[in-house]
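Worksheet: one structure, shown below.
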Amino acid sequence: MTLIASMVFSGGVLIAADSKGTESSTGDLLQDRAYPMEKLYPIGGFLVWGSSGAEGVAQRTAAAFANDVGTYPGNYQRLVAEIEEHCRTIVKGVIQKELAALTIPLHLAMQLRTPPVGQGFLFAGICGGTPWLTEILWDGQMSSYGAGRGFHAIGSGGLAALTTYSLLEHHGMNKGPIEGARCMLYRIVDACIRSNAAGLGYPVRMWEIVPGGSRQIPEDELTAISDTVGLWESEERECLKAVAVPAQINAAAALAETVDPQTL
Amino acid sequence: MTRRDVLLGLVAAGEAVDPIRIMKGVFLFSQDPRVPDKLKYGFVPYSYGPCSFDVYGDLNHLVASGLIRRISGDSRWPTYAVTAKGRQSALEALTQEQHLAPKILRARKYVDARSFSTLLRDIYAKFPEYATKSVFKS
């Protein structure tokens, strides 16, 4: 159970995740077999990715990327389309090995959704000042979201995150500076964790990728972001109160409904 | 007396208080030029105005030490209230630096008397250099 969400803003791209790992080999009691884990992995200084699906597949993918960036760092300093394609090649290599290692036929693995079936990857990076955001799936499908919507989410919480994004998009905090974008992405992931507590878990983790490089936002800073989101919510409540119909008008309307117009 | 004692004193100076008001109270205290530097937190402009990330760590430390307690409520953030042990500790610390007690009380009174939006607006007006990264801008 995972949520990886990424959002482009005016100066770069952010990627965030929940931190709940679940152990499926001990039965279906996922809640009892949950543990905190890191779900985001940096590659070089300008690219961070996360994966939904099996942790083992993510670990082997991380090892493949670490090996590749150490050997061929130039692969990650090209045009966006080339970097995307290169990432797909690495993912493909790992998935093919995983499929080859299956002890059951592929059609059965697909039916049972045995990993790597259903594994998803979300990459967020910046290249020549241009932020990019790309999803690669286990079957090789690849979709870019950076230049279009500028937001995407994968994992069991992905749909909830896309819905929450739609609900917050009108605030336009993803169109401005990083401070607002951090708050918006935090609020999305936080809302999904709170509404889907059985599958996702705290703490929220977040990386920012800007022209100067990538950085994981430290925990104390995330607390400040959470407090800012709390203020944002508080101001929303106040805003609604400010436009609410005054009580005396409500009372007058209620009284009017009880009067029969024929008697007037 | 340490910075943590200032934080403890601010929490002890009233009823349970939210982290926004704690942050702004400590900020106002730190802006007083007569307060020794060793008792001041370093603030940076952040998404809700002046912020010192060290305050969060020290709040956690005070909770772990049993000097304050964290109260979870309906809202996103908890509130913090002083414990009996914390009140005693705050009194002992302030006895050493009695001239600071009124400054802490003044800061606490200032933040308690304002709604969030008024508090931010007043602090931004007084210290605009700390409002540069705020997400709450007109």
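Each reported figure results from applying straightforward, stated rules to the coordinates on display, with no laboratory input. Quantities reported herein were computed from a predicted structural model and do not represent experimental measurements. No Cβ is skipped: glycine too gets one built from the backbone with ideal geometry, and neighbour counts run over all protein chains shown.
Descriptive notes on the structure:
- For a straight C-alpha distance cut-off of 22 angstrom, the lysines reachable from residue A:92 (same-chain residues fewer than eight places away being disregarded) are A:39.
- Along principal axes, Cα extents of segment A:4-217, largest first, whole Å: 49, 41, 25
- Computed from Cα atoms, the angle from the helix B:53-64 axis to the main principal axis of chain B rounds to 30 degrees.
- Karplus-derived HN-Hα couplings along segment A:206-218 (A = 6.51, B = -1.76, C = 1.60, θ = phi - 60°), whole Hz, x at Gly and Pro: 8, 10, 10, 10, 10, x, x, x, 9, 8, 7, 6, x
- Acute angle (nearest 10 degrees) that the helix B:3-12 long axis makes with the longest principal axis of chain B, alpha-carbon atoms: 90
- Subtracting the Cα-Cα distance of residue A:130 and residue A:163 from their residue separation scaled by 0.36 nm leaves 9.3 nm.
- Legend: helices of chain A (whole DSSP H runs) are marked when their alpha-carbon atoms reach 27 angstrom or more along the helix axis and their mean Kyte-Doolittle hydropathy is at least 1.6; nothing is marked.
- Modelled label positions at residue A:106 and residue A:38, each set 7 Å beyond Cα in the direction of Cβ, lie 3.4 nm from each other.
- Projected label points at residue A:10 and residue B:81, each 7 Å from Cα along the beta carbon direction, are separated by 4.4 nanometres.
- Principal axis dimensions, largest first and in whole angstrom, of the protein assembly as shown by Cα: 79, 73, 46
- Trypsin sites (Lys or Arg not before Pro) within segment A:103-190, DSSP loop, no more than 16 other Cβ atoms inside 10 Å: A:113, A:149, A:175
- The modelled label-to-label distance between residue A:82 and residue B:54, using points 7 Å beyond Cα along the C-beta direction, is 4.7 nm.
- Mean separation of Cα contacts under 8 Å (6+ apart) over length of segment A:70-197, as relative contact order %: 15
- Note, ³J(HN,Hα) from phi for segment B:94-100, Karplus 6.51, -1.76, 1.60, rounded to Hz, x at Gly and Pro: 6, 5, 5, 10, 4, 5, 8
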